[in-house]
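Undergrad: One structure, as structure tokens, below. Some questions next.
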Amino acid sequence: MYRIMTKYLQQVLIIWFLIFSTSGVFAQDKNAGFRSTTSKEIMDEFMSMRFGMFIHWGPVTLRGTEIGWSRGHEVPVSDYDNLYKEFNPVLFNADEWVKTAKDAGMKYLTITSKHHDGFCLWPSEHTEYDIMASPFKKDIVGELAKACKKHDIKFCMYFTILDWHDANYPVHNDGKAPDPDADMSKFIVTIKNQLKEVITNYDPYMLWFDGQWESPWTDDMGIDLYNYLKGLKKDLIINNRLGKEMTAIHSKEVDYRKMVGDFDTPEQKVGNFNLDFPWESCITIGTQWAWKPNDKLKTLQECIQTLIKTASGNGNLLFNVGPMMDGRIEQRQVDLLKQMGDWLKVYGESIYGTKGGPYMPNSIFSSTRKDNKVFVHLFDASIEKLILPAFSGVKVLKSSLMNGKSVQLKETDGKYFIKLPSQLPDSVSNVLVLELDKNANGIPIIHAESK
Ligand code: JFZ
């Protein structure tokens, strides 16, 4: 009797569990409500571009300190919040900026339309704190959108969630507790209105959110905003800084199922190899996001190899410049970017439209692949020979240096022994091309030693 009872109870429990677990009562995933609605085709197109320009700009360039963060720190709030009255970048030329991006081989551009300091670079009907209140009075965002269209560069916008300037947003980066007089629901109405305004006026290809990590913002608000925006523009691409889960500057493992958005955003570092979830690293050309006088810039090799390492991990690079207070991008930055573009003119086939792998990146080389080619990127020009694990079931028909001669490759005991010429064709970064008898995308990932 007791046995029959427990058996019966068991069955009831199982049925009960089946009903309620599917109806969400047991759902543990706090973001079970989120589903990216951006198609694979749209994301594939975005990821095939590989290289974009990030631009951090605003009145803060008059002080040369970091955008947003220096407010109330290096620059007193009373000074920071009045800088817009002097912001008059008379040498701003949207065509010049977009041409700089184009000459660098970049395919898209993302402008900080509104950063944490709350100042809007476009004329907004929903705030007084915008470019029309400055002596400049020109629609920077609008001019950039137009120039991008003209030069066939995808136009994208950075938009911060947190706004330390808006009285309705409860946090002000001043170490104080959230302001009880602030009104988050009013604040959300404002940002929804602003986002509708920019989508209507500038038709951005992608929106790059930020500043969602503070306590007033929740994942549910992020999901609601994502769905609202996709309702306004179905194919809009949206980064993952609408929800709390992100790689950013952290080195913890992230749970991709918890992300709210279409792609991850590792910050100031090359993202981890990932063939499943799209990602884009944002990295500065110098040490600061906004313009810094006499900033230390990356070397040309660091710039190019940052892009190579990103593509090798199957990600995009959003490379940041901070234009000066007069509206120009520093000449030495323009020159560096141009040299990246010159390298890409020769080696672009090994970056654009490729996938990462099959070799996992290491300190000596990394690889990308497309159709029946594997591109092995060699980080050091003094390398003389290379031993690589061979691909199984695939034949190498030809091996050669891109922009150079063919090289000798011998296969023994499951390894390729490659002899490189003493003089490699490129002084910055070289590419060895392996032409295969099959499509390279079918090759499983290979962990190769740094030898
Ligand atoms: C954010 C911004 O604050 C920064 O100014 C820049 O725009 C960058 C692209 O994004 O950077 C962050 C993001 C997250 C943290 C710190 C800075 N964080 O989690 O501590």
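The values are calculated or read from the model by the stated rules, or taken from the named source; none is laboratory data. Please read all numbers here as calculations on a predicted model, not as lab measurements. When we count neighbours, we look across all protein chains shown, and the Cβ atoms used for this are built from the backbone with ideal geometry, even at glycine. Areas reflect the complete protein model, heavy atoms only, side chains present, ligands, DNA and RNA absent. Shrake-Rupley method; radii C 1.70, N 1.55, O 1.52, S 1.80 Å.
Undergrad: Would you pick out the residues in the stretch 297-333 that are within 30 Å of Y359 (Cβ to Cβ) and open to solvent by 10 Å² or more (accessible area, probe 1.4 Å)? Spell out the reasoning first.
TA: Here is the first cut: in the stretch 297-333, the ones within 30 Å of Y359 (Cβ to Cβ) are 297-320.
Residues satisfying the conditions are L297, K298, T299, L300, Q301, E302, Q305, T306, K309, N314.
Undergrad: Okay, moving on. Mind listing whichever residues of the stretch 340-371 are β-branched (V, I, T) and in contact with a Ser or Thr (Cβ under 6 Å, 6 or more places away or on another chain)? Walk me through it before giving the result.
TA: Our first condition is that a residue be β-branched (V, I, T); within the stretch 340-371, this holds for 346, 351, 354, 364, 368.
Residues satisfying the conditions are T354, I364, T368.
Undergrad: Is at least one residue of the stretch 264-279 among the hydrophobic types (A, V, I, L, M, F, W, C), assigned to a strand (DSSP E or B), open to solvent by less than 20 Å² (accessible area, probe 1.4 Å) and over 18 Å from V98 (Cα atoms)?
TA: There is at least one residue in the stretch 264-279 that is among the hydrophobic types (A, V, I, L, M, F, W, C), assigned to a strand (DSSP E or B), open to solvent by less than 20 Å² (accessible area, probe 1.4 Å) and over 18 Å from V98 (Cα atoms).
Undergrad: Among the residues of the stretch 201-208, are any open to solvent by 10 Å² or more (accessible area, probe 1.4 Å), in a helix (DSSP H, G or I) and closer than 28 Å to F54 by Cβ? Can you show your working first?
TA: To start, the set of residues in the stretch 201-208 that are open to solvent by 10 Å² or more (accessible area, probe 1.4 Å) comprises 201-203, 205.
From what is left, the residues that are in a helix (DSSP H, G or I) are 201-202.
Then drop every residue that is not closer than 28 Å to F54 by Cβ, which leaves 201-202.
Yes, because at least one residue in the stretch 201-208 is open to solvent by 10 Å² or more (accessible area, probe 1.4 Å), in a helix (DSSP H, G or I) and closer than 28 Å to F54 by Cβ.
Undergrad: Any idea how many residues of the stretch 265-280 are touching a Gly at 6+ places or on another chain (Cβ under 7 Å) and free of Cβ contacts under 8 Å to residues at least 40 places away in the same chain?
TA: Residues meeting the conditions: 1.
Undergrad: If you don't mind, another one. Hey, can you tell me all the residues within the stretch 92-110 that are part of a loop (DSSP other than H, G, I, E, B) and open to solvent by less than 30 Å² (accessible area, probe 1.4 Å)?
TA: Within the stretch 92-110, F92, A104, G105, M106 qualify.
Undergrad: Given the conditions (1) touching a Leu at 6+ places or on another chain (Cβ under 8 Å); (2) of a type in the set (S, T, N, Q); (3) under 24 Å from D264 (Cβ atoms), and given that S400 satisfies all but one, which numbered condition is not satisfied?
TA: Here S400 meets the rest and fails (3).
Undergrad: Sort out which residues of the stretch 325-384 are over 28 Å from D276 (Cα atoms) and assigned to a loop (DSSP other than H, G, I, E, B), and write them in order of number.
TA: If the condition is that a residue be over 28 Å from D276 (Cα atoms) and assigned to a loop (DSSP other than H, G, I, E, B), then M325, D326, G327, R328, I329, E330, D380, A381, S382, I383, E384 are the ones that fit.
Undergrad: Is one or more of the residues making up the stretch 212-230 more than 14 Å from the ligand (Cβ to nearest atom) and of a type in the set (S, T, N, Q)?
TA: yes
Undergrad: Restricting attention to the stretch 213-261, which residues are of a type in the set (S, T, N, Q), at pLDDT 95 or above and surrounded by fewer than 17 Cβ atoms within 10 Å (Cβ to Cβ)?
TA: Passing the criteria: S215, T218, N227.
Undergrad: Starting from the stretch 43-57, take each residue that is in the same structural domain as P278 (by TED's automatic domain parsing) and list its partners that are within 16 Å of the ligand (Cβ to nearest atom) and open to solvent by 20 Å² or more (accessible area, probe 1.4 Å), counting only C-beta distances under 7 angstrom and pairs at least six apart or across chains.
TA: Correct list of pairs: H56/W289.
Undergrad: Still on this structure: Can you name every residue in the stretch 433-449 that is of a type in the set (V, I, T) and either assigned to a strand (DSSP E or B) or buried (at least 16 other Cβ atoms within 10 Å of the Cβ) (or both)?
TA: Selection gives V433, I443, I446.
Undergrad: Considering V334, V346, which residue is in the same structural domain as I285 (by TED's automatic domain parsing) and over 21 Å from the mean Cα position of the chain (by Cα)?
TA: So the residue among V334, V346 that is in the same structural domain as I285 (by TED's automatic domain parsing) and over 21 Å from the mean Cα position of the chain (by Cα) is V346.
Undergrad: A follow-up question, please. Determine whether the stretch 171-186 contains at least one residue that is away from the ligand (no atom under 16 Å from the Cβ) and in contact with a helix residue (DSSP H, G or I) (Cβ under 7 Å, 6 or more places away or on another chain).
TA: No, there is no match, as no residue in the stretch 171-186 is away from the ligand (no atom under 16 Å from the Cβ) and in contact with a helix residue (DSSP H, G or I) (Cβ under 7 Å, 6 or more places away or on another chain).
Undergrad: Follow-up question, since we're still on this one. With P135, P123, P89 as the choices, which residue is assigned to a loop (DSSP other than H, G, I, E, B), out of contact with any helix residue (DSSP H, G or I) (no Cβ under 6 Å at 6 or more places or on another chain), in the same structural domain as Q194 (by TED's automatic domain parsing) and surrounded by fewer than 21 Cβ atoms within 10 Å (Cβ to Cβ)?
TA: Answer to the check: P135.
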